[in-house]
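One structure below.
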Amino acid sequence: MLRRLAQVSVRPWLVVGDFNEILSQQEKQGILQRVQWKINGFRDYFHECDLHDIGFEGNIFTWSNHREAPHTVRVHLDPACSSPRWASLFPCAKDSMNELASREEVIWKQRDKVLWLTEGDRNTRFFDAKDNERRQTKEIKKIQDSLG
């Protein structure tokens, strides 16, 4: 779908979301590395669509399995990417997005900590459901630069 959009649209666009894929091995920490051909395919997909990561400040890992070392897995699954035209129209958007992401991260960490204390690790299905619910409700409703 994004490939088709990139072929037919001349409008500026921004893509943010949980792709369940990574762009490099550095975006994953854990016991198993991601298969390189999948990373290459995902990276090629972004290049074909002329999408560029607009960056992220803070902890790059947006997902964790919450297990003790050495079984901990952390991954960056939520890139924010834009077309060059979008980036030129909204040069200050990165700062706004980073501020929103930082606030959201703090809220979710606090909420997860309370849930973890009350539920413990005895109910993995519960945490998977909550994580999926959180991802489905993540939404940036508006990005505004200094010009409005």
Pairs where the first residue, in the stretch 1-28, is farther than 18 Å from Asp53 by Cα and the second is open to solvent by less than 30 Å² (accessible area, probe 1.4 Å), C-beta under 9 Å, 6+ apart: Gln7/Cys49; Ser9/Ser83
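Each row is one residue, and each column tells you yes or no for (1) in contact with an Asp or Glu (Cβ under 6 Å, 6 or more places away or on another chain); (2) under 25 Å from Ser146 (Cα atoms).
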site	(1), (2)
Asp18	yes, no
Lys28	no, no
Val35	no, no
Phe46	no, no
Gly55	no, yes
Pro79	yes, yes
Ser82	no, yes
Leu89	no, yes
Evaluation of Cys92 against (1) surrounded by 11 or more Cβ atoms within 10 Å (Cβ to Cβ); (2) under 18 Å from the mean Cα position of the chain (by Cα) (one fails), failing number: (2)
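The values are calculated or read from the model by the stated rules, or taken from the named source; none is laboratory data. As the structure is a computational prediction, the values presented were derived from the model and not from experiment. Virtual Cβ from ideal backbone geometry, glycine too; neighbours counted across all protein chains shown. Protein only, heavy atoms only, side chains kept; ligands, DNA and RNA dropped before computing areas. Shrake-Rupley method; radii C 1.70, N 1.55, O 1.52, S 1.80 Å.
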